[in-house]
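A.B. asks: Following this message is one structure expressed as structure tokens.
The values are calculated or read from the model by the stated rules, or taken from the named source; none is laboratory data. Quick caveat: nothing in here was measured; it's all calculated off a predicted structure. Positions of Cβ are backbone-derived with ideal geometry, glycine not excepted, and every protein chain shown enters the neighbour counts. Just the protein is used for accessible areas: all its heavy atoms, side chains included, with ligands, DNA and RNA removed. Shrake-Rupley method; radii C 1.70, N 1.55, O 1.52, S 1.80 Å.
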Amino acid sequence: MTIVYKEYKVLHIVEGGIGTLFLGSSGIPIKQLETTLNKEAANGWTLVFQFVEKNRFLLFWEREAVIVTLARE
């Protein structure tokens, strides 16, 4: 059985810039990610796909971000 979704939502959650600048990296804000996903799940959204990307930050640093795709029927 295939599930057909009618709506999609994409979230972009980025690691903090201050920690990246001073420490070289600071990590994905797990609490923010967890809170956001719980709030969206309470509104009927389902996580269907996610990935982590690395982007250049300023000139010398890299910063991670999580791209989350949510859907609902």
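A.B. asks: Keeping all protein chains in the complex and leaving out DNA, RNA and ligands, what accessible area do you get for Ile67 with a 1.4 Å probe, in Å² to the nearest 10?
C.D. replies: Ile67 exposes around 20 Å² with every protein chain in place.
A.B. asks: Amide H to amide H, which residues 5 or more places from Glu62 or on other chains are under 5 Å from it, using H placed in the peptide plane?
C.D. replies: For Glu62, the qualifying residues are Phe57.
A.B. asks: Give the calculated FRET efficiency between Ala41 and Glu62 to the nearest 0.05, with a Förster radius of 30 Å applied to their Cβ-Cβ distance.
C.D. replies: Plugging the Cβ-Cβ distance into 1/(1 + (r/R0)^6) gives 0.50.
A.B. asks: Moving on. Using a Förster distance of 30 angstrom, determine the FRET efficiency expected from the C-beta separation of Lys6 and Ile30, and round it to 0.05. List each step's numbers first, then the result.
C.D. replies: Numbers: r = 30 Å, r/R0 = 1.00.
Efficiency for this residue pair is about 0.50.
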